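The values are calculated or read from the model by the stated rules, or taken from the named source; none is laboratory data. Small disclaimer: the values here were computed from a predicted structure and weren't measured. Don't worry about glycine lacking a Cβ; one is built from the backbone with ideal geometry, like all the others, and counts go over all protein chains shown.
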Amino acid sequence: MTVHIWNDQYNNEDWSKLIESKIVFEENGIDVSWSYLNIEIKPKLSHDYPAILRQMKTQNCNVLFIGGFEAEGITIEQVRKMYHPIIIITIDDIN
């Protein structure tokens, strides 16, 4: 899986700003904030995925990083479609 967190509208100057921007942890309910990325981190996504989605929308998070996914009756790909445009990244995606 290829994860695109960089939007084509940004140029090299913007990329430099992203690299140089401060990373903030645990502020205003957001686990990690880095430039335009507001990242929620969960050890596992399961049957509570609708509540997590509501929380992320309230906090303007745009990336969910999870250790694993376990839910009956729905696949991770279906949840990714429901969460769009929020990006879901799993440990398996980066291994």
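General observations
- Residue within region 85-94 that is hydroxyl-bearing (S, T, Y) and at pLDDT below 90 present: no
- Top-ranked residue in region 71-93 [being touching a residue at least 40 places away in the same chain (Cβ under 8 Å) and either under 22 Å from N28 (Cα atoms) or hydrophobic (A, V, I, L, M, F, W, C) (or both); ranked as surrounded by the most Cβ atoms within 10 Å (Cβ to Cβ)]: I88
- Hits in region 49-66 (condition: assigned to a loop (DSSP other than H, G, I, E, B) and either among the polar types (S, T, N, Q) or under 18 Å from I91 (Cα atoms) (or both)): Q59, N60, N62
- Any hit, region 67-77, residues being touching a Lys or Arg at 6+ places or on another chain (Cβ under 6 Å) and not in a loop (DSSP other than H, G, I, E, B): no
- No other residue among Y10, Y49, Y36 is at negative phi, modelled with pLDDT of 90 or more and over 11 Å from the mean Cα position of the chain (by Cα) apart from Y49.
- Only residues that are in a helix (DSSP H, G or I) and either of a type in the set (K, R) or touching a helix residue (DSSP H, G or I) at 6+ places or on another chain (Cβ under 8 Å) (or both) were counted in region 78-89, giving 5.
- Of all residues making up region 49-70, the number that are of a type in the set (S, T, Y) and either exposed (fewer than 12 other Cβ atoms within 10 Å of the Cβ) or touching a Cys at 6+ places or on another chain (Cβ under 8 Å) (or both): 1
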